[in-house]
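Have a look at the structure below before the remarks.
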Amino acid sequence: MRVLVTGGAGYIGSHAVRELINEGHSVTVLDDLSKGHEEAVDPRATLIRGSTANADLLRQRLHADQIEAVMHFAANIEVGESVLDPARYYRNNFVNTLTLLEAMVSAGVKRLVFSSTAAVYGNPEERPIDELHRSHPINPYGRTKMMAELAIEDFCHAYGMSATILRYFNVAGASSDATIGEDHEPESHLIPRILRAARDDSEVKIFGTDYDTADGTCIRDYVHVVDLAQAHVLALGQLREGACQVYNIGSENGFSVREVIAACQRVVGKKLKVIEDLRRPGDPSVLVASSRRIREDLGWRARYPEIRTIVQHAWHWHSTHPLGYRGKIDLVPQENSY
Ligand SMILES: NC(=O)c1ccc[n+]([C@@H]2O[C@H](COP(=O)([O-])OP(=O)(O)OC[C@H]3O[C@@H](n4cnc5c(N)ncnc54)[C@H](O)[C@@H]3O)[C@@H](O)[C@H]2O)c1
């Protein structure tokens, strides 16, 4: 299939681009490089530097490249920033998604796979969270993604589009050859923050040690970025005509912050400096996904379900790219334990 990947120079999009091409699809990446990296884009893909805000450009690319399907990753992703600057999030994550959907309708492109998030659920009322859980996002980021989901659902009903919405929990890891990986600025995700601290010999902060969990720290569910990328390719191949499907993707296995730090320490082979801080507002104590629906409907299986493998791949990437895409060094990390 000929696929347009928005945000294909970003962390998850770049892994999806590689998986798509490996599976025989041809890919056009549309990325404004506001957060992404040209070097992350597979050289076998065509990279167009541009924004989903640009309706003319979207229509032109959809026609010129005879696009048959879209994977839509382009978005702003920082929860804290979305609280401080909601306009930016409503504009980019919702309005620009609408622009993309309209361009798809006018170009007759009917297939879509959309990146959504566990943030649409808000504070969990059940564990694990399945797709029938109430959607009640508690921050603008989650709300903009929920609004995009609603628009997609309505476009499927009204214009005969087929869409799959994937709601991810915590994504981590890197390609197993460490050629592409996570390079966010700022970095707010736990595993890269711990690994940066390990590399720089700095401190790792734990926000809250008095949660109602076995060791008092928050529990989260991690999925390997390559498994997630494969889920996108699988979803693309099994879109149901005129239907809008929603799937969670997670590992169904929660790890506490202390357990993740311990896993990182084992992989990097040293004890980290840990500082215990107060809770951050809005952090639920446990967030774990039920991925049963995607396993049963699409046959998705995680190839790298172990937290150890996720951390190993992330460490291989971070230790060989201490400056992210701006700089690579030849250092093969050793797997140690202390
Ligand atoms: N990283 C996670 O843990 C996580 C979890 C849940 C959901 N998601 C979702 O997955 C998607 C990708 O996340 P990521 O971690 O790869 O983020 P990322 O910032 O690495 O990638 C986003 C990419 O989109 C590009 N972009 C942003 N706005 C654009 C626009 N208007 N036009 C064109 N390009 C634009 C950026 O330059 C960047 O390359 C997002 O939609 C995010 O909401 C991510």
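Observations on the structure shown:
- In order along region 177-194, the Karplus-derived 3J(HN,Hα) couplings, from 6.51 cos²θ - 1.76 cosθ + 1.60 at θ = phi - 60°, round to 8, 6, 8, 10, x, 8, 9, 9, 9, x, 9, 10, 7, 4, 4, x, 5, 5 Hz, and Gly and Pro are given as x.
- FRET efficiency for the Val83 to Ser26 pair, using the beta carbon distance and R₀ = 51 Å, is estimated at 0.85.
- A cysteine counts as unpartnered when no other cysteine's C-beta lies under 4.7 Å of its own; in the chain this applies to Cys218, Cys264.
- Overall dimensions of region 70-143 as given by Cα atoms, namely Rg and Dmax in Å: 14.0, 41
- Helix 96-107 axis, angle to the chain major axis (alpha carbon atoms, nearest 10°): 30
- The distance from the alpha carbon centre of region 263-284 to that of region 73-121 is 31 Å, rounded to a whole number.
- Shown here for region 119-186: GluC sites (Glu not before Pro) in loop regions (DSSP other than H, G, I, E, B) with at most 12 other Cβ atoms within 10 Å, namely Glu125, Glu126.
- Residue exposure proxy: Leu323, Leu98, ordered by other Cβ atoms within 10 angstrom of their Cβ from fewest to most, comes out as Leu323, Leu98.
- Tail weight of P(r) past 25 Å, computed on alpha-carbon pairs of region 80-213, percent: 43
- Global size of the chain: 19.3, 59 Å for Rg and Dmax (C-alpha atoms, Rg to one decimal, Dmax whole).
- By the beta-carbon count within 10 Å of each Cβ, the least crowded to most crowded order of Lys205, Lys35, fewest first, is Lys205, Lys35.
- 25 Å Cα-Cα threshold exceeded, pairs from Lys35/Lys270; Lys35/Lys110; Lys110/Lys145; Lys205/Lys270: Lys35/Lys270; Lys35/Lys110
- Around the amide H of Val29, modelled in the peptide plane, lie the amide H atoms of Val5, Thr46, Leu47, Ile48, all under 5 Å away and 5 or more residues distant in sequence or on another chain.
- Per-residue 3J(HN,Hα) values for region 71-81, derived from phi via the Karplus relation 6.51 cos²θ - 1.76 cosθ + 1.60 with θ = phi - 60°, read 10, 10, 9, 4, 5, 9, 10, 9, 4, x, 5 Hz in sequence order (x marks Gly and Pro).
- Phi-based couplings in Hz for region 250-257 (Karplus 6.51, -1.76, 1.60; Gly and Pro marked x): x, 9, 6, 10, x, 10, 6, 4
- Prolate/oblate/rounded label for region 1-62 (Cα gyration tensor, a/c 1.5): oblate
- Positive-end extreme of charge dipole, the chain - chosen from Ala174, His25, Val83 (charges on Cβ): His25
Bear in mind that the values in this text are calculations on the coordinates, not laboratory data. Not measured: the values here are computed from a predicted model. Cβ sites come from the backbone with ideal geometry, for glycine too, and all protein chains shown count toward neighbours.
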